[in-house]
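For reference, the structure is listed below as structure tokens.
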Amino acid sequence: MRRLLLMLLALLALCALALMRGQLALSPLQLWQGLSGAEGPAHLVLAVIRGPRVAAALGTGAALGLSGMLFQTLFRNPLAAPDLMGFTSGAGLAIVLAMTLGLGLPVPLVAALGGLIAAALVLLLAWKPGQALAPLVLVLVGLGVGFLTQAASSFLMTALPPEQAADAQRWLTGSLNARNWGHVALLAAGLAVLGLLALSQIRRLEALDLGEELAAGLGLHPGRARIAIAVTGVLLAALAVSVAGPLPFVALMAGPLGARLLGRTALAPRMAAAALTGAMIVVAADLLARATIPGLSLPAGVVTGLLGAPYLLWRLSREMKKGEL
Amino acid sequence: MLETRDLTLGYDRRPVLERLSLQIPEGRVTAILGPNGCGKSTLLKALARLSAPQAGAVLLAGEPLGQYDSRALARRLAILPQSPVAPEGITVRDLVRRGRIPWRGLLGPWRDSDEAACREALAAVALEDLATRPLAALSGGQRQRAWIALVLAQTPRHLLLDEPTTFLDLVHQIEVLRLLQRLNRDRGLTVVSVLHDLSLAARFSDHLILLGPDGLVAEGAPSAVLTPDTLHAAFGLSALVHPDPVSGTPMVIPC
């Protein structure tokens with residue numbers, strides 16, 4: 001509990017920093033005045049630009065962290081994250097496709113459909129009848145599906161007018177630029193529902209953790225339980241993608257990093273830790289993306305990519321040493 | 001009462017056991033015996049609804065298992081599989097707490113009754129003092145007792161165990177079998193386990209089910225089930241059967 005509290009405090013401090021830094025730097029006093037509603041430039045910056053942006057980063061990160069943790073626990077493999085398994089790029093492709101076709105469908109719905117279709121495709125390709133799913137096969141097939149959907153997205157973008165294509169490109173990298181309170185409201189509502197759904201998967205994960213047979217003996221339908229967990233995970237990832245694009249590697253890193261910071265193994269606190277860590281990663285990545293190089297604002301996805309790729313390599317080498325690959 | 005009616009079990013279309021009608025005596029200790037591959041585990045799994053029958057049914061209190069809601073069934077009947085998976089780093093207490101899953105539902109809080117059931121389960125297997133230890137730090141016999149505590153925390157009336165003594169040395173085998181017998185005597189728990197050691201099974205069970213390559217060979221009291229004839233039919237083994245000098249139960253001496 002104490003560590004979770006510390007993580008929460010760290011996240012709040014990070015958010016405060018993210019609210020203060022930017023093209024117009026605010027002092028802590030100005031931040032306080034702006035937050036407490038005093039009129040002025042600080043209030044405007046916070047209410048219109050940085051407030052929704054940081055809140056959106058917070059929500060996206062939490063959703064991605066939860067999603068990654070669900071999949072990693074379900075498949076007992078730190079590599080089983082929705083971004084590596086191609087689900088986020090599936091959601092991304094669906095959104096680009098809807099853009100190209102000019103469909104006026106709500107973005108979260110399109111993202112959810114895309115994510116679910118990608119997940120079904122990965123499952124179908126990785127599954128051999130009568131055999132348990134091998135997590136590594138799942139990850140490799142997922143990488144393949146991910147490449148395929150990314151290629152399809154790139155192809156579709158050539159059909160878009162240049163301006164829209166540039167938008168789509170920035171968006172596909174994963175960016176929190178120009179998010180508004182509408183995005184935040186969507187995230188809050190989505191997280192309220194899906195967060196509760198994720199919490200209700202803890203009991204299922206705890207049972208599945210003991211092996212298929214004991215789980216069934218504890219009153220579970222292992223197959224149905226897996227599907228419920230996976231659908232929750234895909235929807236959480238799709239929610240994040242519909243707001244900030246497929247930010248790479250956040251879902252992959254948040255779970256194991258959160259567990260390390262927490263130092264405990266019970267699933268409920270680990271879930272909270274994954275959400276907090278995911279939020280920290282995205283808030284920090286967005287802050288670095290827009291405030292490290294003066295006058296240049298990168299998409300947050302570039303930073304999570306730069307952080308995540310070395311992490312993935314380190315993780316791969318570790319798994320290889322353990323003989324899991 | 002747990003019973004099978006014309007039960008046929010098997011993989012693909014190859015039946016392993018055919019038209020088996022058995023009654024598991026209520027409130028007694030039953031052991032399922034037989035050579036490898038004769039369907040002992042398959043039968044035990046079918047008794048817990050872990051595998052679906054090809055034909056016939058398993059009945060609990062007169063109702064086919066298929067009719068039970070799975071959580072309701074898990075509150076009445078618990079099964080410990082042969083090799084359950086230990087979550088990394090889990091403590092004994094956290095392991096035992098998972099036995100309450102069928103009572104809690106997906107978002108149910110941890111109630112006093114859950115705490116009481118876990119405390120009692122840990123006491124029954126004499127692991128209260130080791131509750132905060134990681135499971136991995138325990139000895140083989142203690143670990144098996146921790147797993148038994150998990151299924152006891154389900155507070156079932158029927159407890160099924162698949163080879164609970166495999167991988168244990170003789171002392172720990174006897175310790176586990178004594179524990180199961182005590183749970184039966186003290187709490188009236190119906191215990192069914194798949195066992196390998198015939199003499200130990202005879203000594204610690206009230207009822208034996210002996211399976212052979214062609215299905216059921218014999219069932220009943222140990223002294224009626226373990227005879228040179230049935231052992232030959234089940235295992236193709238020539239053996240003498242003598243009363244155990246301590247308990248008087250049949251002891252198998254291969255010759």
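Each value in this text was obtained by applying a stated rule to the coordinates, not by laboratory testing. Computed from a prediction, not measured in an experiment: that's the story for all the values here. Please note: Cβ atoms are built from the backbone with ideal geometry, for glycine as well, and neighbour counts cover all protein chains shown.
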- Message: Let's test the formula: R0 of 25 Å, r as the Cβ-Cβ distance of B:CYS255 and B:THR227. What FRET efficiency results, to the nearest 0.05?
- Response: 0.95
- Query: Who wins for biggest fluctuation among B:LEU150, B:LEU168, B:LEU180 in a Gaussian network model of chain B, springs between alpha carbons below 10 Å?
  - Reply: B:LEU168
- Item | Spacing of the two label points (7 Å from each Cα toward its C-beta) at A:LEU148 and A:LEU105, in nm | 1.9 nm
- Item | Estimated FRET transfer efficiency when R0 is 51 angstrom, pair B:ALA126-B:ARG19 (beta carbons, to 0.05) | 0.75
- Item | Antiparallel bridge percentage (DSSP; both residues within segment B:2-254; nearest 5) | 60 percent
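Of the DSSP beta bridges with both residues in the protein assembly as shown, give the percent that are antiparallel, rounding to the nearest 5. Walk me through the intermediate numbers first.
Details: 25 of 42 bridges.
If we restrict to bridges inside the protein assembly as shown, about 60 percent are antiparallel.
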- If you take the charge dipole of the protein assembly as shown about its Cα centre, with +1 on Lys and Arg Cβ and -1 on Asp and Glu Cβ, which of A:PHE249, A:PRO41, B:SER70 is farthest toward its positive end? A:PRO41
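Can you pull a Stokes-Einstein diffusion coefficient for segment B:36-95 at 4 °C (1.567 mPa s), Rh from Kirkwood over Cα pairs, as a whole number of µm²/s?
Details: Rh = 13.5 Å.
The estimated diffusion coefficient comes to 96 µm²/s.
Given a cut-off of 29 Å, what percent of all Cα-Cα pairs of chain B lie beyond it? All intermediate terms of the calculation are to be shown ahead of the outcome.
Values: 10067 of 32385 pairs.
Roughly 31 percent, once rounded to a whole number.
Over the protein assembly as shown, how many pairs of lysines fall under 30 Å by alpha carbon, counting only those 8 or more apart in sequence or from different chains? Don't skip to the answer; put the middle values down first.
Values: A:LYS128/A:LYS321; A:LYS128/A:LYS322; A:LYS128/B:LYS40; A:LYS128/B:LYS45.
Lysine pairs meeting the criterion: 4.
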- Note on the structure: The answer for the net charge of residues other than B:GLY34 whose Cβ lies under 14 angstrom from its Cβ, with Lys and Arg +1 and Asp and Glu -1, is -4
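For a Förster distance of 22 Å, can you work out the FRET efficiency between the beta-carbons of B:ASP214 and B:ASN36, rounded to the nearest 0.05? Mind showing how you got there, number by number?
Values: r = 15 Å, r/R0 = 0.67.
E(calc), rounded to 0.05, equals 0.90.
Relative contact order of segment B:1-133, please, whole-number percent, based on alpha carbon pairs below 8 angstrom and at least 6 residues apart. Each step should come with its number before you reach the end.
Details: 139 pairs, mean separation 28.2, N = 133.
Contact order relative to length: 21 percent.
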- More than 42 Å apart: what percent of Cα pairs in the protein assembly as shown qualify? 36 percent
- Message: Normalised radius of gyration for segment A:251-325, please: alpha carbon Rg relative to 2.2 N^0.38 Å, two decimal places.
- Response: 1.28
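Per the Kirkwood formula on distinct C-alpha pairs, the Rh of segment A:1-128 is how many angstrom?
Working: mean 1/r = 0.0567 Å⁻¹.
Roughly 17.6 Å, rounded to one decimal.
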- Query: Counting only residues 5 or more places away or on other chains, whose amide H sits under 5 Å from the amide H of A:GLY211 once H atoms are built in the peptide plane?
  - Reply: B:VAL85
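If each DSSP helix of 4+ residues adds -39,500 (n - 2.57) and the sum is divided by the residues in chain A, what number results at 222 nm, nearest 500 deg cm²/dmol? Before the final figure, lay out the partial values.
Details: 15 runs with 241 residues, N = 325.
Taking each H run of at least 4 residues, the total per residue is -24500 deg cm²/dmol.
Going by average Cβ density within 10 Å per residue, which order do the peptides A:87-98, A:219-230, A:169-180 take, highest to lowest? Spell out each step's value before the answer.
On the way: A:87-98: 27.8, A:219-230: 17.6, A:169-180: 19.9.
Going by the mean number of other Cβ atoms within 10 Å, highest first, we get A:87-98, A:169-180, A:219-230.
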- Please compute the Cα-Cα pair-distance distribution of segment A:66-164 with 5 Å bins starting at 0, giving whole percents from short to long. 2, 14, 21, 22, 17, 11, 7, 4, 1, 0
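Taking the beta-carbon count within 10 Å as an exposure proxy, list A:VAL54, A:VAL45, B:VAL246 from fewest neighbours to most.
B:VAL246, A:VAL45, A:VAL54
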- Check every DSSP H run in chain A and write down those whose alpha carbon atoms cover 18 angstrom or more along the long axis and whose mean Kyte-Doolittle hydropathy is 0.0 or greater. A:2-20, A:51-74, A:87-101, A:107-126, A:135-158, A:181-199, A:222-244, A:267-291, A:300-321
- Item | Full-extension gain in nm, A:GLN131 to A:TYR311, via 0.36 nm per residue minus C-alpha separation | 61.7 nm
- Message: Would you report the distance distribution of C-alpha pairs in segment A:2-321 as whole percents per 20 angstrom bin, up to the bin with the largest distance?
- Response: 33, 57, 10, 0
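What translational diffusion coefficient, in µm²/s and rounded to a whole number, does the Stokes-Einstein relation yield for segment B:66-214 at 25 °C and a viscosity of 0.890 mPa s, taking the hydrodynamic radius as the Kirkwood radius over Cα pairs? Show your work: numbers first, answer last.
On the way: Rh = 16.0 Å.
Value of D from the Cα-based Kirkwood radius: 154 µm²/s.
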- Item | Sequence-distant residues sharing a close amide H with B:VAL16 (under 5 Å, placed H) | B:LEU9, B:GLY10, B:TYR11
